[in-house]
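Student: Handing you this structure, nothing more for now.
The values are calculated or read from the model by the stated rules, or taken from the named source; none is laboratory data. Small disclaimer: the values here were computed from a predicted structure and weren't measured. FYI the Cβ positions are ideal-geometry reconstructions off the backbone, even for glycines, and counts take in every protein chain you see.
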Amino acid sequence: MGRLAVALLLAVVTLGLLGAARQLRPVPYGDRLLTAGPHAGAWAARVRDGAVTGHDSRTGALRWRYARAGHRPVDVVHARGEVIALWDDGLLTDTDGRSVRWHRALPDAAEWLPAQGGTGVLRPLGRGILAVVTPRRVTAYRTADGDLRWVLPARNGCAFRPEGAVRRGAALLLAQPCTDAAWTGQLVALDDLGRIAPDRTPLGNGSPAAAPRTPGGGKPLAPPR
């Protein structure tokens with residue numbers, strides 16, 4: 001066998017090994033997204049058999065299935081033709097059935113999520129903003145790209161109750177039980193801009209393309225509240 005043939009053979013073997021290594025490489029976050037049908041038309045998401053599944057709104061046929069190795073979804077909400085899921089390890093994910101668009105990890109999830117179970121944690125606030133209510137804090141994300149918009153900590157000696165929230169128009173009324181506060185201090189009103197209060201500064205919760213930029217090109221931070 002000539003040198004050229006040997007070189008070609010080695011190149012083929014090397015490419016094959018690289019391809020195999022790429023296939024064996026762990027998928028980030030254990031994502032497993034499988035497409036089972038065409039994407040045209042409306043679909044609805046469900047939690048089934050440890051996965052998030054998308055079903056044709058008209059026929060009920062399976063369109064896609066999204067799972068994570070070793071984890072299960074505990075709650076899902078729809079957002080603009082996508083679905084945001086909360087998983088048992090405190091990870092938030094956004095998928096449109098074609099790809100997983102973003103991941104966000106909730107801090108301290110191991111301390112409260114197993115017992116709480118995820119009820120009421122995901123709270124859409126309108127205008128493309130999702131509130132994630134945990135005992136220690138409320139964090140708000142822009143659903144278009146997972147951008148963190150604002151954080152509202154619970155008062156000292158108090159804790160938010162994710163399941164204890166109701167909508168009143170554009171406002172989300174959230175229970176914040178405290179041991180040493182009047183009842184008026186144990187209820188918080190929120191909307192897409194954060195805690196509802198007089199003379200607050202809007203956060204500019206627009207799309208990424210419409211977000212204002214500083215002269216240096218950096219992204220302005222939302223003011224604390």
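Student: Pairs please, first residue from the range 122-140 and of a type in the set (D, E, K, R), second anywhere and in a strand (DSSP E or B) and modelled with pLDDT of 95 or more, Cβ atoms under 6 Å, 6+ apart in sequence or on different chains.
Tutor: Final answer for the pair search is Arg123/Ala131; Arg123/Val133; Arg123/Leu172; Arg137/Val151; Arg137/Pro153.
Student: Being on the phi < 0 side of the Ramachandran plot and not assigned by TED's automatic domain parsing to the domain that holds Arg32 is the requirement here; does Ile129 meet it? Even if it seems obvious, please write down each step before you answer.
Tutor: Values: on the phi < 0 side of the Ramachandran plot: yes; not assigned by TED's automatic domain parsing to the domain that holds Arg32: yes.
So Ile129 fits the description; yes.
Student: Which of the strands (runs of 3 or more DSSP E) contained wholly in the range 34-89 include at least 1 residues that are β-branched (Val, Ile, Thr) and either on the phi < 0 side of the Ramachandran plot or surrounded by 13 or more Cβ atoms within 10 Å (Cβ to Cβ) (or both)?
Tutor: Working: elements: 43-48, 51-56, 62-68, 73-79, 82-87.
Here the list reads 43-48, 51-56, 73-79, 82-87.
Let's see how each residue does on (1) closer than 20 Å to Arg80 by Cα; (2) not in a loop (DSSP other than H, G, I, E, B):
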site: Asp94; (1), (2): yes, yes
site: Arg101; (1), (2): yes, yes
site: Leu130; (1), (2): yes, yes
site: Ala140; (1), (2): yes, yes
site: Asp145; (1), (2): yes, no
site: Trp150; (1), (2): no, yes
site: Arg155; (1), (2): no, no
site: Val166; (1), (2): no, yes
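Student: Looking only at residues that are among the β-branched types (Val, Ile, Thr) and modelled with pLDDT of 75 or more in the range 185-225, which one is farthest from Gly157 (Cα to Cα)? Even if it seems obvious, please write down each step before you answer.
Tutor: Restricting attention to the range 185-225, the residues satisfying the condition of being among the β-branched types (Val, Ile, Thr) are 188, 196, 201, 214.
Applying the additional criterion that residues be modelled with pLDDT of 75 or more yields 188, 196, 201.
Numbers: Val188: 15, Ile196: 21, Thr201: 27 Å.
Checking each candidate, the answer is Thr201.
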